1. Kirkwood-based Rg over Rh for the stretch 1-128 (C-alpha set), two decimals?
2. For the chain, what does the helix formula give at 222 nm: sum of -39500 (n - 2.57) over DSSP H segments with n ≥ 4, over the residue count, nearest 500 deg cm²/dmol?
3. What is the magnitude of the charge dipole of the chain about its Cα centre, with +1 placed on the Cβ of each Lys and Arg, -1 on the Cβ of each Asp and Glu, and no other charges, expressed in debye to the nearest 20?
4. How big is the gap, in Å, between the Cα center of the stretch 1-56 and the Cα center of the stretch 72-134?
5. Based on the Cβ-Cβ distance of Leu81 and Ile40, what FRET efficiency does E = 1/(1 + (r/R0)^6) give at R0 = 22 Å, to the nearest 0.05?
6. In whole Hz, with x marking every Gly and Pro, tabulate ³J(HN,Hα) for the stretch 42-58 from phi via Karplus 6.51 cos²θ - 1.76 cosθ + 1.60, θ = phi - 60°.
7. Determine the gain in length on full extension of the stretch Ala163-Ser70; use 0.36 nm per residue of separation and subtract their C-alpha separation, reporting nm with one decimal.
Amino acid sequence: MEQLTANTNETSAISVWNGAEAIVVEQVASPHQVKHTAWIGTRYNKFESSSVRVFLAELPPALAADLVDSGRILRAKDDGLPEDIATHLKEVAHQAYAVNDGLSAEEEFGVSAPVRDYRGKAVGCITVSAPRSRVQKEGVKDSLVQAAQQAASEISIRLGWSASLPG
């Protein structure tokens, strides 16, 4: 994660899933004075959060929908995401990342990618977060997506994951 922050100059974090929340377990803050950070232990349960959608995309569609429908995962009306949760989460799983571009807070940008273990199971996710205005001004959205995916892949390989495994 130190290398990810050094490469992007933005905050990087790793989160784990407790069944209904993404929990930040480690973070390396951006060197910029204006940055997006979260305390270790911060819990995210909003559908708009990129980390939450990465984890939901790993679940059976009915379970993911139940978490949202029951209110355990909060979803804002008119959040700008597709209404069909299953189709959206299938896309997140296929592309292996999710983006929060001002969805949970107007000035927040985050991209998350799954970290997989030797079984191909998502055991965490890497998130790169930054002020949305800087991402837009510098035009770095695509490079942040690539950086998050690359870091998640490198960590996954260290955990025994191989591209030949599911996920």
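1. 0.95
2. The helix contribution divided over the chain gives -10500 deg cm²/dmol.
3. 320 debye
4. 11 Å
5. After rounding, the FRET efficiency stands at 0.20.
6. 4, 10, 10, 9, 9, 4, 5, 5, 4, 5, 4, 5, 4, 5, 4, 5, 8
7. Net length gain for the segment: 30.0 nm.
No lab work stands behind these numbers, since they all come straight from the coordinates. Predicted model only: the values in this text are computed from it and were never measured. Glycine gets a Cβ as well: all are built from the backbone with ideal geometry, and neighbour counts include every protein chain shown.
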